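Contents: one structure, followed by commentary.
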Number of protein chains: 4
Amino acid sequence: MQKIRIGLIGYGGIGRVHAAAYRAIPFHYGLRADSIAIAGVATTRLETAKRAAQEIGCPYFTNDYRELIARDDIDVIDICTPNNAHHEIVMSAAEAGKHIYCEKPLAMNVAEAAGMAQAVRAAGVKAQVTFNFRFFPAVMRAKELVEAGFLGRVFSFRGRYHRSSYIDSDKPMSWRLQREITGGGALFDLGSHILDLLYYVLGEFDSVNGTLDTLIRERPAAKGSAEMARVDVDDIALLQARTADGTLGTVEISRMGTGAANDLTFEIFGQGGAIRFDLGDPAWLHVYDARDAEGPLGGERGFRQIEAVSRYDGQRAPDWTMTPDFMRSHAESQYQFIRSIWDDKAAAPSFDDGAHVQKIMAAAERSSEKGTWVRLADV
Amino acid sequence: MQKIRIGLIGYGGIGRVHAAAYRAIPFHYGLRADSIAIAGVATTRLETAKRAAQEIGCPYFTNDYRELIARDDIDVIDICTPNNAHHEIVMSAAEAGKHIYCEKPLAMNVAEAAGMAQAVRAAGVKAQVTFNFRFFPAVMRAKELVEAGFLGRVFSFRGRYHRSSYIDSDKPMSWRLQREITGGGALFDLGSHILDLLYYVLGEFDSVNGTLDTLIRERPAAKGSAEMARVDVDDIALLQARTADGTLGTVEISRMGTGAANDLTFEIFGQGGAIRFDLGDPAWLHVYDARDAEGPLGGERGFRQIEAVSRYDGQRAPDWTMTPDFMRSHAESQYQFIRSIWDDKAAAPSFDDGAHVQKIMAAAERSSEKGTWVRLADV
Amino acid sequence: MQKIRIGLIGYGGIGRVHAAAYRAIPFHYGLRADSIAIAGVATTRLETAKRAAQEIGCPYFTNDYRELIARDDIDVIDICTPNNAHHEIVMSAAEAGKHIYCEKPLAMNVAEAAGMAQAVRAAGVKAQVTFNFRFFPAVMRAKELVEAGFLGRVFSFRGRYHRSSYIDSDKPMSWRLQREITGGGALFDLGSHILDLLYYVLGEFDSVNGTLDTLIRERPAAKGSAEMARVDVDDIALLQARTADGTLGTVEISRMGTGAANDLTFEIFGQGGAIRFDLGDPAWLHVYDARDAEGPLGGERGFRQIEAVSRYDGQRAPDWTMTPDFMRSHAESQYQFIRSIWDDKAAAPSFDDGAHVQKIMAAAERSSEKGTWVRLADV
Amino acid sequence: MQKIRIGLIGYGGIGRVHAAAYRAIPFHYGLRADSIAIAGVATTRLETAKRAAQEIGCPYFTNDYRELIARDDIDVIDICTPNNAHHEIVMSAAEAGKHIYCEKPLAMNVAEAAGMAQAVRAAGVKAQVTFNFRFFPAVMRAKELVEAGFLGRVFSFRGRYHRSSYIDSDKPMSWRLQREITGGGALFDLGSHILDLLYYVLGEFDSVNGTLDTLIRERPAAKGSAEMARVDVDDIALLQARTADGTLGTVEISRMGTGAANDLTFEIFGQGGAIRFDLGDPAWLHVYDARDAEGPLGGERGFRQIEAVSRYDGQRAPDWTMTPDFMRSHAESQYQFIRSIWDDKAAAPSFDDGAHVQKIMAAAERSSEKGTWVRLADV
């Protein structure tokens, strides 16, 4: 089994999560400690890169990501930068023949995403988007159930990702509120996650009827500053959507969801049953079986919380009984990516998947501008 | 205090609820047993009218509602018929100078509703729509909080009313699935309730972006029949909506909400806090105060379930500690209507309120046909 | 079907509930309004009796309950007085050949309860204790499941009834805090309910290891008074108990359960599954089936909330979909009692059942005094 | 800052958790990767020790823990063995002047625990028991609130730790069911955790009234074996207990809690408020403030779920918004232990704390044998 040597680009909050998660993989899956290693780290400043290398315990650091990509002792490039750097790094890493693990959303727009998906395909490298929420056991279980036909005919769905990070109008401008850095607002940051989950479980989307709004249009340019800066991305995005199968649903995305810490949920309603996932209660998948009328309880139906903590492939203690969490989902996502290299199989979610989500988001934006439904085929 | 003598028209499930709730009022509010009485009942067949009168214990029954309206010993006409009879009965009762208590939705369409509101105004009678969910203490508390400015600037809202009554495609055709009797489908039957609650708490609506769908388009004409009948009303209605104040929100209405018994909820997000009501947990209003950062707990915020069982005016044991329920909300709704007669004050929710809800529903239907936003001013 | 004429003794909060619930029965079960009637009411003062009669709409009132019992037009005596009057009234009513419906706890002590059970047996009258919580559909469903062997071998149980009615030490003395009127404290008032539910579902108790405590030993003699009166009953009662079948469990009873409105719950754990009832969520019974490993979901187990709203015999709209409540449970309890008269079958819960609960409570008190386990056979 | 070199003894499930948690500390607290290292591992067989060393990435392994203790390049001995080895290892490590981090329960009995507490005190080494549940932010918040007097006078408490790991009677004998290896059953394994939490928050215990029971007394000697082995430890332990402050409460401990995954909860009721912690919902502490009658919501009280995810000292992303979990609590427990070395301050929970919990468990066992209350002073 080839030793996997990772070059990490970007070391903000999410870079740190990636680094910690890689380091936990051997314990979760019974691998040798040295089977996966972060071999180098790049940030924009040499000083932060050095500190990152010390924290990670890796031998190499640089403030020029190109140097990291150029190294022979790197197999995988892991991209944890702001969104506007993804495309450039991916194109460069693909050209260098590196496998690529890239944070979401994949790109700034549909064209970039399509180009990136094409580039990794052409280069023949493994490439995966960090849609880590797919790797909560309860979500994996939901996918299994839908694929097995448990829901029968699907009637409708609902998804939501609410956070409350920006309800304070004194909170100053940040890069997350600037279109030129992020490509989009709550729709991109939070929406990409919930839209990917719905796409993962329900299949491709056909069309979207979206309304986006910026609730606080000006914020202090810096903390305490009297100068105001304009927010040019959405704070809230409300979507109606239809899948390619014709299923109709609704999605709520907001970073002004007062009271929410991390309110990510989806529900799917079908003739045979219903499914609910709630990130706030991640040990369980909530499942309703409309056929239970004939069950051993003698004619009683109701939502059941089925345990979903023991579904990781090859997992070991203490995964069996403990609630899976954010960090654990990253470790599983990374592990599956690394397995795709070891086993030479397709990585998933792929850059094509990332590009599909990008299209949903673009359709939502265009729909909001036009005030009508927009088909993904038209963006 | 004038004795209130009621003439009840219609005695299906909801007629029975109205009858039982009137009879409970004296116990809840400490009135004489004879202060409120059902003096007569009308149904479409003499046989069912007779049985109704025996169950109610009222002296008079008829299969011609006009005779009931014509009687001198009737002060109030209570309308529990299917929707397509509301207009005719209201016009007749208003002309006869009777006070009117009418089940929801008020009418078959906007024109009917406007006519009925005009008629009761012209006749100078008290008229109230049975939006009984307004009378859950937690909803009343939500209204109080919003009016007191607790939410600060309102960011967005979400409402939902899901039932699962029609998920079985073998369930035969019924009057609730026929437009000529109901005027509309889930939107009218369930949607009128949740839309009224949002209107009650948030104020008038400005415009709607709705998508309606009929999920099961044909059903057996009768139980077990091979003949199929066409369903011409919606099973599901997804709305985006904006209030006159500019607040954006989403509403989900479905009678195919697999797993739901009576899933009626709303949430309102504001800069100062958030509010959640859930009919499945009706003893509490869930409230988040964004200002709690300064509170006695020393800097901790979180959703609080505030007790909302003791808010009825003049109420007595056992209302203080027991969870309010469907029947209790009807008794309060009726009591407030009767008080409007005794105290000669405006009844609420009025027929104008009912007509506003009718406009929201009409806008949703037209929006769904056109695929664009529709303003209430344009329906 | 004989018309049932009730004589109601006591018209405080619970008397009012009984009166209202009788009046709702015809609507729930499709009976003639005049099939059940309160024919007279007795309270300790003529003035309150008169007001009660007006509220109820009954022709007769008195301040001497013996006169009510003596009347020929009374079939049933319903006892809603404080506990210390139960014995005397029951003995008198039984002697007069009246059927008896008596609030809980049945008596002041074991000897009284035994005498009352003996008296009604000797008189051949129907007699039932108002353990209304037995008549929540979810509790009835729990009983069915246990009887059907769903739990397999029963491992253990837990019950709880918490209220917070007395946490304020400025709340003055009341009759509920005086042993000579109530016979006991939280154990009698709240404990009788939860102990009856456990006895109903699990069968007879064998022995108890209890600890009772009075947390606030002195209270103002009256509101605002400087004079203090001694509380001579328990505020809290913690029990370990063993059923005759050998099942071990624990019961928590407190009227100082800060934060609780009406926190009544029980859980039963067995080799085949588990059951949870929570009065705060009364539409559902929570059921875990350990055999679901083989079920249609392919090897997943979890608690299921099974709908338990449609279990009343002969019930009608709107019982099918609405959450059952306190008032509804009283109506069902009364209806089953009246059916025992109409059908000449045993009433349940009987006075023997009430006497068994009395023994559990007496064993708990004695156990607390002695600091050891006490068998019911020894009290 | 001294580099901390750990010698890990035992590498079953919990040993692996300890190893992974040490490795995550630098990411959570911003330390250099090499500031904490596992320098060696000992298990009972050379083969498993070698595999452990590979997984951990540590240079040294042995099947003789004495050799590990003897090494100069080890500062801390971390004990993850079965309970019956704790005493011997602690005595040896203390003698060698190593700091000691020992899994719970501390010892096989009170005498061992007292000896160990004395030994580490005499040796002047830092010593901490792995009561990791103390290090959930919500538990830390509960402790703060109680210490700040938030509850006012404490009325009563309740604790519970339920798992369902042994409900299957075909599950064979294991070391966890043998007294000579564990010292006790569910009481020791699960009970030590919940008893420590209650002790941590409420202070020392005075006396216990416990009932222990073994529900399945014989199990197959090995998987599928026809030979049966006797279980000589408890499956369930029900306790009434009084703290030194006189507060009365109840504790339920069971490994036969059908349906439970990891059901660890406690509740404390006081005159000023109430507190609830539930490991199944670990991001929140549930708090009721009886003084809220005067609060900004204008006279409404209710349980509040206060966010408790950001309470770790010096923590960094992503701790701010993600639900804390089992692994995270171990990392914090270890970090606080290591800080006690770096800052030369007392480690907590100390071996004295572990010895107090040992006394509570011993008192529960003796109480169960005698059928009376037992004071901790008497064990």
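Odds and ends about this structure:
- Rounded to the nearest 20, the size of the Cβ-charge dipole of the protein assembly as shown about its Cα centre is 0 debye, with Lys and Arg at +1 and Asp and Glu at -1.
- Whole-Å distance, taken between Cα centres, linking the stretch B:365-379 and the stretch D:119-176: 59 Å
- Karplus-derived HN-Hα couplings along the stretch B:229-238 (A = 6.51, B = -1.76, C = 1.60, θ = phi - 60°), whole Hz, x at Gly and Pro: 10, 7, 8, 10, 10, 6, 9, 9, 9, 10
- Per the accessible-area calculation with a 1.4 Å probe, the total area buried between chain A and chain C rounds to 1600 Å².
- Taking 20 Å as the straight-line reach from the Cα of A:Lys126, the lysines in range (excluding those fewer than 8 positions away in the same chain) are A:Lys3, A:Lys98, A:Lys104, A:Lys345.
- Student exercise, chain C dipole from Lys, Arg, Asp, Glu Cβ charges, in Debye to nearest 20: 360 debye
- FRET efficiency for the pair C:Thr44 and B:Thr48, taken as 1/(1 + (r/R0)^6) with r the Cβ-Cβ distance and R0 = 41 Å, rounds to 0.35.
- Qualifying trypsin sites (Lys or Arg not before Pro) in the stretch C:164-236, where qualification requires a DSSP coil assignment and no more than 13 other C-beta atoms within 10 Å, comprise C:Arg217, C:Lys223.
- Here r is the Cβ-Cβ distance between C:Glu180 and B:Arg339 and R0 is 51 Å; the resulting FRET efficiency, rounded to 0.05, is 0.75.
- Candidate membrane-span-like segments in chain D, meaning DSSP H helices with Cα atoms spread over at least 18 Å of their own axis and a Kyte-Doolittle mean of -0.5 or above, are D:13-29, D:110-123, with no membrane implied.
- Net +/- balance of residues flanking D:Ala244 in space, Cβ distance below 11 Å, scoring K and R +1, D and E -1: -1
- The stretch B:202-265 and the stretch A:1-69 have their alpha-carbon centroids 51 Å apart.
- Length released on extending from D:Asp232 to D:Arg375, taking residue separation times 0.36 nm less the Cα-Cα span: 49.1 nm
- Those residues of the stretch B:251-281 for which accessible area with every protein chain present is at least 40 Å² below the isolated value (1.4 Å probe): B:Thr258, B:Gly259, B:Ala261, B:Asn262, B:Phe269, B:Gln271
- Cα-based shape type of the protein assembly as shown, given that a ≥ b ≥ c are square roots of the gyration tensor eigenvalues and the cut on a/c is 1.5: oblate
- Dipole of the stretch B:195-246, positive end: most advanced residue of B:Gly203, B:Ile216, B:Leu238 [Cβ charges, Cα centre]: B:Ile216
- Label point of A:Asp245 set 7 angstrom out along Cα-Cβ; within the stretch B:202-223, amide nitrogens under 16 Å from it belong to B:215-216.
- Listed residues A:Leu46, A:Ala93, A:Ser225: farthest to the positive end of the dipole of chain A (Cβ charges): A:Leu46
- Most positive-pole-ward Cα, D:Val120, D:Ser35, D:Ile79, against dipole of the stretch D:1-135 from beta carbon charges: D:Ser35
- Selection of GluC sites (Glu not before Pro), the stretch B:89-141, meeting DSSP coil and at most 13 other Cβ within 10 Å: none
- Remark: chain A carries 33 Å² of accessible area per residue (probe radius 1.4 Å; ligands, DNA and RNA excluded).
- Burial of 40 Å² or greater, the stretch C:24-65 residues [accessible area, probe 1.4 Å, versus chain by itself]: C:Phe27, C:Arg32, C:Ala33, C:Gln54, C:Glu55
- Of the solvent-accessible surface of the protein assembly as shown, computed with a 1.4 Å probe and all protein chains present, 46% belongs to carbon and sulfur.
- Principal axis box of chain C, alpha-carbon based, largest edge first, Å: 65, 54, 40
- Rounded to 5, the percent of DSSP beta bridges in chain A classed as antiparallel: 60 percent
- Charge sum, other residues only, whose C-beta stays under 12 Å from B:Ala53's C-beta, Lys/Arg counted +1 and Asp/Glu -1: 0
The values are calculated or read from the model by the stated rules, or taken from the named source; none is laboratory data. Here the structure is a predicted model, which is why all the values come from computation and not from measurement. Cβ: placed from backbone, ideal geometry, glycine included. Neighbour counts: every protein chain shown. Heavy atoms of the whole protein, side chains included, go into the accessibility calculation; ligands, DNA and RNA do not. Shrake-Rupley method; radii C 1.70, N 1.55, O 1.52, S 1.80 Å.
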